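Accompanying notes for the structure given below.
The values are calculated or read from the model by the stated rules, or taken from the named source; none is laboratory data. From a predicted model like this one, the values you see are computed outputs, not experimental measurements. Please note: Cβ atoms are built from the backbone with ideal geometry, for glycine as well, and neighbour counts cover all protein chains shown.
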Amino acid sequence: MRSFSDEELDAAVDRLAEPERFAEAEEIVSRAAPRLQKVLAAALAEGGWFGESHDAEALRAATAPDPDERINAVRTLLAEEARMGMMVGVAVGWALHAELSPGGGAGRDDHQETDEGVS
């Protein structure tokens, strides 16, 4: 996969603000949603995002003695979870796009022999 300049990335993000840009992506994601959810959950678990430290933070937030502190801690935890889920979700989407792109891995057996050896 090639690297993108900041300008290319900014232009692409700007184009994403156009609602019609999402029609195809929404259709693909809706078809793959159940399987993508499993991939996302596995990626989050593998990255340690929802392990013991998350459980401890959830317990701390839920049991804070001061009601204002408790609600603030729960809101912060939810916001952090959403941000992390979105970032990992974007990474999964990026990888899915690479798999579906010409020259990507779609339909390719990664262990298949080629003229140059194992691909």
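Here are a few things to note about the model shown:
- Sole exception among (1) in contact with a Leu (Cβ under 9 Å, 6 or more places away or on another chain); (2) in contact (Cβ under 8 Å) with a residue 40 or more places away in the chain for residue 50, by number: (2)
- Inside the stretch 32-56, residues that are surrounded by 10 or more Cβ atoms within 10 Å (Cβ to Cβ) and more than 17 Å from the chain's Cα centre (by Cα) make up a count of 5.
- Subset tally (residues that are touching a residue at least 40 places away in the same chain (Cβ under 8 Å) and small (Gly, Ala, Ser)) for the stretch 64-92: 3
- Of all the listed residues (10, 6, 14), the sole one being within 27 Å of residue 103 (Cβ to Cβ), loosely packed, with under 10 Cβ neighbours inside 10 Å, within 20 Å of the chain's Cα centre (by Cα) and modelled with pLDDT of 85 or more is 14.
- In the set (1) in contact (Cβ under 8 Å) with a residue 12 or more places away in the chain; (2) in a helix (DSSP H, G or I), residue 59 fails one condition alone, (1).
- Inspection of the stretch 65-74 identifies at least one residue that is part of a helix (DSSP H, G or I) and exposed (fewer than 11 other Cβ atoms within 10 Å of the Cβ).
- Residue that is surrounded by the most Cβ atoms within 10 Å (Cβ to Cβ) [pool: residues in the stretch 81-96 that are β-branched (Val, Ile, Thr) and more than 14 Å from residue 50 (Cα to Cα)]: 92
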